[in-house]
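This report concerns only the one structure given below.
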Number of protein chains: 2
Amino acid sequence: MTNTMGHRIVLAARPHGTVTLDDFRTEAFEPRDLKAGELLLEVNYLSLDPYMRSRMDDRKSYADPLKIGEVMRGESVSTVLASKNSAYHAGDFVLAHTGWQTHAVLSGDSVRKIDPQLAPVTTRLGVMGMPGFTAYAGMMAIGKPARGETVVVAAASGPVGSLVGQLAQISGARAVGIAGGSTKCAYLRSELHFDAAVDHLAKDFDKALASACPSGIDVYFENVGGRIWHSVLPLLNRFARIPVCGLVAEYDGNNSDLARDYLPATMRQILNQRMVIQGFLNYDLAERYYDDFIKDVSAWIAEGKVKYKEDIVEGLENAPQAFIGMLAGRNFGKLLVHVAR
Amino acid sequence: MTNTMGHRIVLAARPHGTVTLDDFRTEAFEPRDLKAGELLLEVNYLSLDPYMRSRMDDRKSYADPLKIGEVMRGESVSTVLASKNSAYHAGDFVLAHTGWQTHAVLSGDSVRKIDPQLAPVTTRLGVMGMPGFTAYAGMMAIGKPARGETVVVAAASGPVGSLVGQLAQISGARAVGIAGGSTKCAYLRSELHFDAAVDHLAKDFDKALASACPSGIDVYFENVGGRIWHSVLPLLNRFARIPVCGLVAEYDGNNSDLARDYLPATMRQILNQRMVIQGFLNYDLAERYYDDFIKDVSAWIAEGKVKYKEDIVEGLENAPQAFIGMLAGRNFGKLLVHVAR
């Protein structure tokens with residue numbers, strides 16, 4: 001064996017609607033011996049992301065559901081502790097799909113080496129990672145904001161939304177962010193220089209959103225689902241584009257008012273305004289856009305055109321609580337768990 | 001005055017849900033004198049189309065609603081009776097937005113001359129007209145069927161749907177038509193050579209549609225709205241395309257089960273299958289596709305690759321009843337009213 005004792009968090013039960021701590025269980029384990037080509041990894045930073053919620057349900061999604069007792073999946077920045085793969089050495093930093101655990105044994109073919117000199121390693125899980133690429137690819141392939149247009153994004157202080165808004169501005173479009181609470185809204189306006197920020201927890205949200213979009217909405221980047229759609233729908237302009245990359249509000253069972261069918265109104269608006277609604281997953285677009293993404297965003301970070309915020313929680317044992325908080329919108333910035341130094 | 005007595009049908013009342021005969025009124029009128037550049041037209045064939053239903057409501061659509069007392073709008077093939085426009089002479093056939101009336105005075109600039117030698121004049125209201133172009137443009141710009149894919153269209157024996165299915169076959173795709181009743185389904189299979197036809201009035205519609213699409217659905221051409229969407233949704237494949245050109249079931253107030261919100265399921269499927277839903281109106285795409293349409297479809301008709309069916313009702317006075325029947329799916333083929341020889 002590897003003479004290492006690790007901990008991991010598994011799916012203990014499928015959530016009924018809202019996720020609770022009882023849906024998780026922590027286990028001790030000893031990583032197995034390495035086969036040829038494999039690496040023993042120590043997880044430094046684990047990324048917590050909304051898509052993980054949908055994997056907890058036993059229903060067809062774009063990926064297979066987790067089984068009960070299986071380790072929660074997720075991506076991390078990890079350090080190589082031991083290697084049976086000539087391409088990797090002890091001490092290398094890698095981006096790896098380790099899941100929610102302190103250690104993992106993975107094939108070297110399944111990980112990607114990262115250069116800690118290029119940018120802080122944590123950015124490879126956020127603005128320079130999957131969330132950042134989701135924003136970039138969705139805007140390039142579907143949103144296509146033009147100068148003078150209005151781009152609206154929800155969860156705007158999160159890792160996807162904050163880059164969406166900054167990409168809108170780089171394209172010369174008006175960036176309107178939706179976030180929960182005055183602190184996040186103030187951050188969007190003062191730190192990220194969004195043209196407007198609207199608090200979806202405030203009573204007059206509908207009116208405030210309409211005021212923030214005096215020329216309507218040309219791009220709505222849909223990464224939350226749920227009630228916000230109903231406020232966005234009447235503001236959408238002719239030929240509006242709606243990239244759909246996530247529906248976190250619906251993942252967690254918060255479906256909107258079930259006593260009415262909102263589908264016909266949406267379909268009518270799609271027709272009347274000749275809109276396009278398109279679902280996408282970042283990896284479908286990687287071949288076309290990934291290299292441009294790394295080049296563009298690293299340059300924009302260096303030039304100060306793109307800023308990012310991280311919300312780092314200490315200790316793997318706190319991952320479930322942090323994840324539950326994220327689904328309720330309580331994190332502020334890209335949510336990471338600091339697992340080991 | 002023009003010494004001609006005409007009749008016209010006006011909107012008498014806004015429908016409450018389903019359209020009734022009381023929503024229309026017939027009036028006699030005398031066409032006004034011609035100004036320079038104008039034509040006096042006699043309507044030969046009036047086209048009845050689903051989009052007319054949405055104009056009867058007082059609600060924002062892609063066009064302005066009719067006012068009470070206004071002539072029902074619509075396109076016709078008409079003959080020039082008198083001309084104060086040097087480009088037109090008595091006896092010329094034109095395509096004109098005359099509305100539901102026997103005679104109209106219009107500017108020569110607003111009509112299009114048609115050559116009765118190219119094809120029967122009635123085709124310019126159907127397979128070679130607006131409905132045909134809607135099918136062609138939606139398939140070229142959004143549907144993009146590939147060889148071996150499956151294309152599903154509802155109202156498949158209608159003027160849009162029947163061309164959608166035939167275009168699918170010309171592209172090497174599998175054509176599955178949905179229609180109401182065994183007569184229409186038999187016509188799709190035997191006359192138009194659809195690969196399958198499914199009767200949406202039959203009890204086992206869901207199962208029959210699934211059996212007709214053993215490899216799922218790659219293109220669903222949405223021209224009806226309403227309940228059929230719920231049967232189509234679970235069959236849609238990854239990267240499916242859904243051009244939306246009409247929602248006739250919803251125009252007529254037949255919204256599906258209002259006790260449930262079907263929007264979240266649709267949004268989840270858009271994301272999971274990375275689908276695109278795009279609304280379009282034929283005239284948005286005219287500049288890009290209209291000339292190709294006329295060239296391609298006239299050639300395909302001549303080669304026997306495209307067939308069409310017309311359902312011609314005699315007399316303007318029967319237009320309201322025929323229109324109500326169309327909204328309920330009772331016509332069979334492109335619905336035209338023969339107004340005058």
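The values are calculated or read from the model by the stated rules, or taken from the named source; none is laboratory data. Predicted model, so just to flag it, every value in this text is computed and none were measured. Glycine gets a Cβ as well: all are built from the backbone with ideal geometry, and neighbour counts include every protein chain shown. These accessible areas exclude ligands, DNA and RNA; they are computed on the full protein's heavy atoms, side chains included. Shrake-Rupley method; radii C 1.70, N 1.55, O 1.52, S 1.80 Å.
Below, the figures for the structure above:
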item	result
Ascending list, in nanometres, of distances separating the A:Gly181 label from those of the other copies (7 Å, Cα toward Cβ)	6.2
Hits among lysines - C-alpha to C-alpha of A:Lys203 under 23 Å, sequence gap 8 or more where chains match	A:Lys184
Residue-averaged [θ]222 nm for the protein assembly as shown, counting only DSSP H segments that reach four residues, each worth -39500 (n - 2.57)	-7500 deg cm²/dmol
Selection of trypsin sites (Lys or Arg not before Pro), region A:185-250, meeting DSSP coil and at most 12 other Cβ within 10 Å	A:Lys203
Global form of region B:130-283, assessed from the alpha-carbon gyration tensor, a/c cut-off 1.5	rounded
Rounded percent of accessible protein surface that carbon and sulfur make up, the protein assembly as shown, 1.4 Å probe	50
Cα radius of gyration and Dmax for chain A (Å)	20.5, 65
Contact order normalised by residue count of region A:1-82, Cα under 8 Å, 6+ apart, percent	36
Size of the A/B contact, given as accessible area buried on both chains, probe 1.4 Å, in Å²	3400
Approximate spin-label separation B:Lys305-A:His16, in nm, with each point projected 7 Å along Cα-to-Cβ	5.9
Beta bridges per DSSP with both ends in chain B, % antiparallel, nearest 5	55
Test item: Cα-centred dipole of the protein assembly as shown, Lys/Arg +1 and Asp/Glu -1 on Cβ, debye	200
Pseudo-label separations to other copies for B:Ala146 - Cα-to-Cβ vector, 7 Å, nm	2.9
For chain B, with +1 on Lys and Arg beta carbons and -1 on Asp and Glu, the positive-most of B:Val337, B:Ile324, B:Pro131 along the dipole	B:Pro131
Where only C-alpha atoms are counted, convex hull volume of the protein assembly as shown per residue in Å³	179
Cross-link table A:Lys144/A:Lys307; B:Lys67/B:Lys309; B:Lys67/B:Lys295; A:Lys144/A:Lys295, entries beyond 30 Å C-alpha to C-alpha	B:Lys67/B:Lys309; B:Lys67/B:Lys295
Residue mean of other protein chain beta carbons inside 10 Å, A:279-285	4
Alpha-carbon gyration tensor eigenvalues x 5, square-rooted, for region A:1-152, Å	30, 24, 12
Unit charges on C-beta of K, R, D, E only; dipole of region A:130-283, Debye	380
Under 19 Å from A:Lys84, Cα to Cα: aspartates and glutamates that are on another chain or at least 8 residues apart	A:Glu30, A:Asp33, A:Glu38, A:Glu42, A:Asp92, A:Asp109
Inter-copy separations for A:Arg238, label at 7 Å along Cα-Cβ, nm, ascending	3.7
Positive dipole terminus of chain B, leading residue within B:Tyr220, B:Val297, B:Ala154 (C-beta point charges)	B:Tyr220
Share antiparallel - DSSP beta bridges, the protein assembly as shown, percent rounded to 5	55
Chain B - percent relative contact order, Cα under 8 Å, separation 6 or more	17
C-alpha center-to-center spacing [region B:172-203, region A:114-152] in angstrom	46
Å² per residue, accessible surface of the protein assembly as shown at 1.4 Å	41
Relative contact order of region A:130-283, pairs being alpha-carbon contacts under 8 Å that are 6 or more residues apart, as %	22
